[in-house]
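Some notes on the structure that comes next.
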Amino acid sequence: MIDPETLIIGSGRSEITPEEFRSRFSTDCRFNERLFYHQGLEGIKTYLESLGHFDRVICFLAIPPSAYSSTAAVLAREGFGEEAVIVIEKPFGRNLETATRLNRELTESFREEQIYRNDHYLAKETVQNIMVFRFANTIFEAIWNNRYVESILIEGYEELGLEERAAYYDSAGSLRDMIQNHLMQLLCLVTMEPPVSLDAEEISRQKVDILKSLRIDRCRKGQYEGYRLEKGVDPESYTDTAAEIQARIENFRWSGVPIVMRTAKAASRTETRIVVTFKNIPRLLFNRKGEIAHNRIIITVQPNEGIMLDVAGKIPGINLEIGRSKMNFSLRQSYEQDIPEAYQKLLLDAINGDRTLFVSADETELSWKVLEPYLEDPDPFLYRKGKTPFPLDREK
């Protein structure tokens, strides 16, 4: 829970009073009393001190990425020090050079431990469950390696197209917008070695090891038909609205296991999931003809959060027929309490000083480094809106 003495101070260029600021929110009257407003950053530290003494200050930078470093510098000059942390939204750079420069500039104002790089996917309940699923259950971790796993697929699809985001998206694209951060983080959690503790730095260390050993074999990009006609899009734009990465991890646990990451806008469905496919059983007993489907573990991040185990089972009846059985763990069906929004969890963690679900500088830079050769590839293939752009993907 948030301390009842917590204050929320909005800051921007608009010249409005605290009362006008409060009127913009539909909140409880008692909560409204904790809302204040200060125009601009100059003098904001003095203004905060006039409201009382605070041991911790969270600076959430809901601003254009180009202003991150300059805003951090202003906050430091205003006198914010060890009591403060800054929370930064993606995109964190647009390539290795810009990400490295931004990290360097931010650490001129605040220590790395005070910088919280926000990837809201990490706060989703199913994503947090990945480590519990792997490291709190002996039946899964024992088979979580190249001896048993045939392939790993991570995909994030959206039915929506651009939706008024041309100013950002046409300069970014799907590789930067989804794979570099969200899907890469999912891959790290699924494949990393067991950390020796749940300390944020130790978990980050294990993710960094995965990124260091990640190798990309192929990258394909697509663009949905009509994208160039969208409002605000360059008529000659080559921005990718879909991307597929075929990769591998060169370590003892995962050597030889193909990894695919896919994302697309204007696709046939909205879904983010991880599919771990296991090697098939020998052609003996029930599988003499090789017709039994592979076992799979499907971790659905959104929209229906849960984990499904896809196994073979006997179809009820007098004949011995083998079919697919799905053992489904649904978060919403298993627990009665409300599932908190990702941003609720992240903001509470920032207040409590827990960096576990935030991204380190090393993770950010290594993720950009591995994708660097493919960021500017021209000429994406075209695909129809409402269709999955990758032919190997299964349609629902």
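No value in this document is a laboratory result; all are computed from the given coordinates. This one's a predicted model, so the numbers in the text were calculated from it and none came from an experiment. Positions of Cβ are backbone-derived with ideal geometry, glycine not excepted, and every protein chain shown enters the neighbour counts.
When a/c reaches 1.5 or more, the comparison of a/b and b/c decides; with that in mind, is the stretch 107-201 rounded, prolate or oblate per its Cα gyration tensor?
Oblate, because a/c is 1.5 or more while a/b does not exceed b/c.
Report the FRET efficiency, 1/(1 + (r/R0)^6), for E82 and Y343, where r is their Cβ-Cβ distance and R0 is 22 Å, rounded to 0.05.
0.30
Kindly put F54, F80 in sequence by how many other C-beta atoms sit within 10 Å of each C-beta, fewest to most.
F54, F80
Place the peptides 190-202, 372-384 in order of packing, highest mean first, counting for every residue the other Cβ atoms within 10 Å and averaging per peptide.
Ranked by mean Cβ neighbours within 10 Å, highest first: 190-202, 372-384.
Could you list, in their original order, any pairs among K124/K385; K124/K265; K326/K385; K265/K345; K90/K265; K221/K326 whose Cα atoms are separated by more than 25 Å?
Over 25 Å Cα-Cα: K124/K385; K326/K385; K265/K345; K221/K326.
List the chymotrypsin sites (Phe, Trp or Tyr not before Pro) in the stretch 236-267 that DSSP assigns to loop (not H, G, I, E or B) and whose Cβ has at most 12 other Cβ atoms within 10 Å. Which are they?
Filter output for the stretch 236-267: F252.
Using only Cα atoms, tell me the angle between helix 342-352 and the longest principal axis of the chain; keep it within 0 to 90° and round to the nearest 10.
Once rounded, one gets 50 degrees.
Explain nothing, just the number: dipole magnitude of the stretch 94-173 about its Cα centre with +1 on each Lys and Arg Cβ and -1 on each Asp and Glu Cβ, in debye rounded to the nearest 20.
360
Which option, (i) 78, 49, 40; (ii) 62, 45, 34; (iii) 57, 50, 39, is the value of Cα extents along the principal axes in Å that was calculated from these coordinates?
Here the calculated entry is (i).
Let me have the relative contact order for the chain, percent, based on Cα pairs under 8 Å that are six or more residues apart.
It comes to 19 percent, rounded to a whole number.
With a 10 Å Cβ neighbour count serving as the proxy for reagent exposure, in which order, fewest first, do M261, M184 appear?
Listing M261, M184 from fewest to most nearby Cβ atoms yields M261, M184.
Amide H neighbours of Y37 under 5 Å, counting only residues 5+ apart in sequence or on other chains, H built in-plane at 1.01 Å?
Here the answer is G10, since their amide H atoms fall under 5 Å of that of Y37.
Which stretch or stretches of the stretch 249-273 have amide N atoms under 20 Å from the point lying 7 Å from F329's Cα along the Cα→Cβ direction?
Answer for this model: 272-273.
Which residue, S268, S109, A361, has the largest displacement toward the positive end of the dipole of the chain when charges sit on each Cβ (Lys, Arg +1; Asp, Glu -1)?
Among S268, S109, A361, the one farthest towards the positive end of the dipole of the chain is S268.
Would you mind ranking T17, T107, T300 so that the residue whose beta carbon has the fewest other beta carbons within 10 Å leads the list?
With the sparsest Cβ surroundings first, the list reads T17, T107, T300.
Considering only DSSP beta bridges with both partners in the chain, what is the antiparallel share in %, to the nearest 5?
Of those bridges, close to 65 percent are antiparallel.
So the label point goes 7 Å from the Cα of L382 along Cα→C-beta, right? Which residues of the stretch 215-238 then have their backbone N under 20 Å from it?
Hits in the stretch 215-238 for L382 at 20 Å: 220-238.
Going by alpha carbons, how many degrees (0 to 90, nearest 10) lie between the helix axis of 96-106 and the longest principal axis of the chain?
The angle comes out near 40 degrees.
Rounded to two decimals, what is the ratio between the C-alpha radius of gyration of the stretch 8-120 and 2.2 N^0.38 Å?
1.14
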